[in-house]
Each structure stands twice: as structure tokens, then as C-alpha cells.
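A.B. asks: Below is one structure. I have some questions about it.
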Amino acid sequence: MPTELALKTLLILLVVVGGIAPLMSWIERKRAGGAQANVRRSGIGELTPAGKHHPLAEKVALLGSARFASAAAQRVLQRAIPLIVAIPAIIAFAVIPLGGEYQFGDTRFSLVLSDADWGMLTLFALAMLGTYGSVIAGCSNDAEPALLRSVRAPAQMLSYQLAMGLSLVGLFMVFETLKLSEIAMAQDTTLRALGLFEHAFGLSRPLLEWARLPAWGVIYQPLAFVLFLASITAANARAPFDLPEGDAEQIASKHFEYSGLHFGLFFNSESVQIVVSAGLLATLFLGGWSVPYLSSDFILYGVGRWLGDGFANGFLLLIHVAAFVAKLAAMIGVQLALRAAVRRMSYLRAMDLCWKVILPLAFGNILATGLVLLAVRQSA
Amino acid sequence: MLADYVGLLVIGALGALLVGVLLGLNRLFGTREVAAPTDEPFATDEKPATAPDQERAAKFALVAILFVLLQVAAMFLYPWATVFSELSWFAYGAIVVFALPLAVGLIYQWLKGGLEW
């Protein structure tokens, strides 16, 4: 078990934090450039290797640049903030299932680092820790305008974390669990496309029996998907909600007084948050590691018949991880496209959106889901 | 059950180690400005032209209070949602009765202008 833990931890740290997150800043800039370029043939936004040394160069530059030391600041707090912001983002990836359970002979392992019963609550808690970072960063800098302005970002983050939690309650009702690996496993099957229609109209004969959809979260809870996407984008203070730290408007953002690696840690943790959010979206709504119409049992049986159980499990593992990475990439692409396409919202509009639109809609979603579930159960 | 959380500790410890190593590298390779002009905060108004906006600042306390109330309600909703498949219409009605005062409170805040940031 310890070796298993160590291996999974190293995998996450190396691949996600060391690999994907630094690449994110580069890919993000490519995407933003592509969206704004009006000369198509220049190939600015294309995913070519041009500029591939950018992530490494950026990290090396941040490592070697000068460190500001503000005399008036609370030195210990100021130094601690990049840690408080960076580490929860890294930890959050521990609860996201990269794959299901596989059995090789005697050993049985799952590709989740921490398969807790309340995995989702762990994620909420870690998201809240990021809020601390914002507040303390603003307050420790001892510049009074920054003090007031530094409270806006945490206020926005808190409001949207609440919206995140409430928009997912409908999903918990459908899947009956808070455990992310169970949610991913429950999406490993298909459901009848017109099943609800039949229940609603009390039809006795099944219509279009062959029409099946993958039992993904987005099929069960489409509204929750939209609400959660908006909420998690805003909770990470990402565009279009990034007024607290807008790239072009960094007058008193939380990472203004930092330089060198401290700033780099903030920046990197934001990239890690993009990956974590994409992982969450993929796990909760897009079926996690499952392949759309090929359930685990189907593949295991099909491949196992020809090539044996061990090989079938290995093949399944690879397919699942590939599916997860594909969905991760899709969700990262969605977040980057949101940044490029949607105009930045002012703080007032963002807070209005949260409290007056997303929260009532999330609550309505909970009520409607409850009604539908009860009605289906009664007529079944 | 607690054993499930060991993974979080491990990755937290290793992540902290990684961050610490990077910070150490920065201390090693990064130069430090010690000249007096750059010791001050970068964006500071020693004497701001206008006094800090106390009224505007108080609104953030309201955000915090509203957040706490609704988050507590959400915390009650999570276990209810998890066992919802075994519950009946009565439980549904019970949760509506529980959430109704909170919803009324939110609407009251909305109409009274408490949600105008």
C-alpha cells in the first residue's frame, strides 16, 4: 500500500503539477492569441510546437528574478501565502479518479489517490483554503487601497463556492453518493434516451428501445452542468470573472506585491486549478474515465475472451486513462475558450449573477430533481 | 475510513516539499533588492486623498453572513441528497419546509437591496 500511494502521488505531482500546469500558461496564451488574431494564415493560435520553450523559460525566469521585500509588510504571512494558495490546488487532484478498479492476478488497485467517502466535501474544503490566500495576501501587503480591494476577490470566490456546492446537490441526489470514484463508476453505463418521456406519459410499451445515451452527469443534470461550469470558473477567479486579478488591470490584485517565484507560485496554482476544475467537470458530468458506449464489463469480457484477464485489465486501464485525459483536455479547452470568448464581467455583475441567477436556479434544480426522482420512483 | 485520507497527507507533504524546494532555488538564484526605494509597498498611498470607504467595506461582512447561512443549509442538503433514493415525499416536504425560510430570507435581502454590491 505505501508503494501504491507513493507511486500515485508521484504520478500526480509529476504529470499534473510538473507537466500539465506549466504547459497551461503556454497553451492559454496560444488560445488567447488565436482568438484575437485577425490574420489567419499567420498560424498564431494553432497548436503547433512553436514557442515550446516558453513554459520552461518562464519558470526559469521566475526562479531567478529578484525578490521584493516590503519593509512594512507582515513578512511571515507574506512569505506563507504562496504556499497556502499553491498546496491545496495540488492536493485537490488526489480525490479525482484517473481510472476505475483493476485486478491483476491477486492485487486490486484503483487509480484514485484518496478514495474518501466524502471526496466532494474535501474538494469544497480545499477550494475554501484558496480564499484564505486572497484575503491574507491583500491584508499583509499593508497598502490601504489594496486592503479594501483585496476583499472583493474573496467575496466573489466565496459566493461562487456556495453556488458550486448548491448546484451539485442535484447530482448527488441522482448518484446517491459524494464519493467521486463511485460517481465515475455510476456513469460507466448507458441509459434509455426516451425513458423519462415514457415515465411522464405512462407508456406501457418502450419506445425506441435501441436509443441509448451514456449515463453521464450532463444527461442527468444539464442545468447543473452549466451552473457548475460558471461557478467553478468564477470561484477560481478565471475569466470572464477575473476582475479581481485581471491581467490588464493589476492595480491592487492579490499578487501584486510579489515577485519572482512567489508570483510564479500564484500563477502556477491558477494553472493547476484549471486542470483540477477540468478534472472535476470531467468526473462529475462527462463520465470520468468511462468510455461512452463501452462499459468496463463489456471490454473486460470482450478482450478477456481473446487475450486473457490480465491483458484485458491492462488494456482497460489504458483505455480508461486515455478517455479521462481526452475529457480533461476537452474541459481545459472549454475553460480557455470561455476566457477568450466572453467579455470580462464587472464585480457587480458577477455578484448579481451569483446571488440572483445561479443560486435561485441551483435551488430550483434541487427541487425539480427531487420531484422527478420521486415521480419516477412512484411510477416504477 | 481515515485511512482513505492518508493519500491527501502524502500528496500535501510532497507538494509542500516541492514548493519548498522551488522557493529555496529562488533564494539561491534570485537576487534581492535591498535598496531603500524598493522596500516600500509598490502600490501605496501613505495619505490617501479620500478616507477609506467604511460603508462599502461593511457590505463584505454581509456577504460573509449570507454565505455562512446558505452554506450551513447546503451542508444539511448534502446528506439528504445522498440518501434521497430511500426517502419519501414526506422527506421532500420536510426539506422544502427547512429551506423555505432561507429562501424567503434571500428574497428579502434581494428586495431590500442587500444584494446590491
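A.B. asks: How far apart, in nanometres, would the label points at B:Ile107 and B:Ala3 be if each is projected 7 angstrom from Cα along the Cα-to-Cβ direction?
C.D. replies: 5.1 nm
A.B. asks: So how tilted is helix A:2-11 from the main axis of chain A? Cα-based, degrees 0 to 90, rounded to 10.
C.D. replies: The angle comes out near 60 degrees.
A.B. asks: Next question, about the same structure. Looking only at other chains, what is the average number of their beta-carbon atoms within 10 angstrom of each beta-carbon in A:360-373?
C.D. replies: Per residue, the number of nearby Cβ atoms from other chains is 3 on average.
A.B. asks: Would you be so kind as to identify which of A:Leu229, A:Phe124, A:Leu5 lies farthest towards the positive end of the dipole of chain A, taking Lys and Arg as +1 and Asp and Glu as -1 on Cβ and the Cα centre as origin?
C.D. replies: Of the candidates, A:Leu229 comes out farthest on the positive side.
A.B. asks: Quote the total accessible area buried by chains A and B together, excluding ligands, DNA and RNA, probe 1.4 Å, nearest 100 Å². Each step should come with its number before you reach the end.
C.D. replies: Values: alone 19370 and 10720 Å², together 23810 Å².
Chain pair A/B: roughly 6300 Å² of buried accessible area.
A.B. asks: In addition: Taking a probe of 1.4 angstrom, what is the accessible area of A:Glu182 in Å², to the nearest 10?
C.D. replies: Rounded to the nearest 10, that gives 80 Å².
A.B. asks: Rounded to the nearest 0.05, what FRET efficiency do A:Ala341 and B:Leu69 give with R0 = 41 Å and r taken as the Cβ-Cβ distance? Could you check?
C.D. replies: Given R0 = 41 Å and the Cβ-Cβ separation, E is 0.75.
A.B. asks: Order of A:90-99, A:231-240 by packing, highest average Cβ count within 10 Å first? If you can, show how the numbers build up before the last one.
C.D. replies: Working: A:90-99: 27.0, A:231-240: 23.8.
Packing order, densest peptide first, comes out as A:90-99, A:231-240.
A.B. asks: Counting only other chains, what is the mean number of Cβ atoms within 10 angstrom of the Cβ of each residue in peptide B:63-74?
C.D. replies: The mean count of partner-chain Cβ atoms within 10 Å per residue comes to 5.
A.B. asks: Pairs A:Lys8/A:Lys52; A:Lys59/A:Lys327; A:Lys8/A:Lys30; A:Lys8/A:Lys179; A:Lys179/A:Lys327: which are spaced more than 21 Å apart, C-alpha to C-alpha?
C.D. replies: Distance filter (> 21 Å) returns A:Lys8/A:Lys52; A:Lys59/A:Lys327; A:Lys8/A:Lys30.
A.B. asks: Could you state the angle between the C-alpha long axis of helix A:222-235 and the longest principal axis of the C-alpha atoms of chain A, as a value from 0 to 90 degrees rounded to the nearest 10?
C.D. replies: With rounding to tens, the tilt is 20 degrees.
A.B. asks: While we're on this one: With every protein chain kept in place and ligands, DNA and RNA left out, what is the accessible area per residue of the range A:155-237? Probe 1.4 Å, answer in Å².
C.D. replies: On the way: 3170 Å² over 83 residues.
Here the per-residue accessible area is 38 Å².
A.B. asks: Once you average over the residues of A:349-357, how many Cβ atoms of partner chains fall within 10 Å of each Cβ?
C.D. replies: 3
A.B. asks: Using only Cα atoms, find the angle between the long axis of helix A:21-36 and the longest principal axis of chain A, and express it within 0 to 90 degrees, rounded to the nearest 10.
C.D. replies: Between the helix axis and the principal axis of chain A, the angle is about 90 degrees.
A.B. asks: Can you compute the charge dipole magnitude of chain A about its Cα centre, using +1 on each Lys and Arg Cβ and -1 on each Asp and Glu Cβ, nothing else charged? Give it in debye, rounded to the nearest 20.
C.D. replies: 920 debye
A.B. asks: Something else about it: Any chance you could look up the accessible area of B:Trp110 with a 1.4 Å probe, heavy atoms only, rounded to 10 Å²?
C.D. replies: For B:Trp110, the solvent-accessible surface is approximately 100 Å².
A.B. asks: Another question, if that's okay. Using a 1.4 Å probe on the protein chains only, how many percent of the accessible area of chain A belongs to carbon and sulfur?
C.D. replies: Carbon and sulfur together cover 67 percent of it.
A.B. asks: Highest mean first, how do A:24-31, A:292-299 rank when packing is the count of other Cβ atoms within 10 Å averaged over residues?
C.D. replies: Descending mean neighbour count gives A:24-31, A:292-299.
The values are calculated or read from the model by the stated rules, or taken from the named source; none is laboratory data. Quick caveat, the model's predicted, so the values are computed rather than measured. Note that we place each Cβ from the backbone using ideal geometry, even for glycine, and neighbour counts take in every protein chain shown. The accessibility values were calculated without ligands, DNA or RNA, using every heavy atom of the protein model including side chains. Shrake-Rupley method; radii C 1.70, N 1.55, O 1.52, S 1.80 Å.
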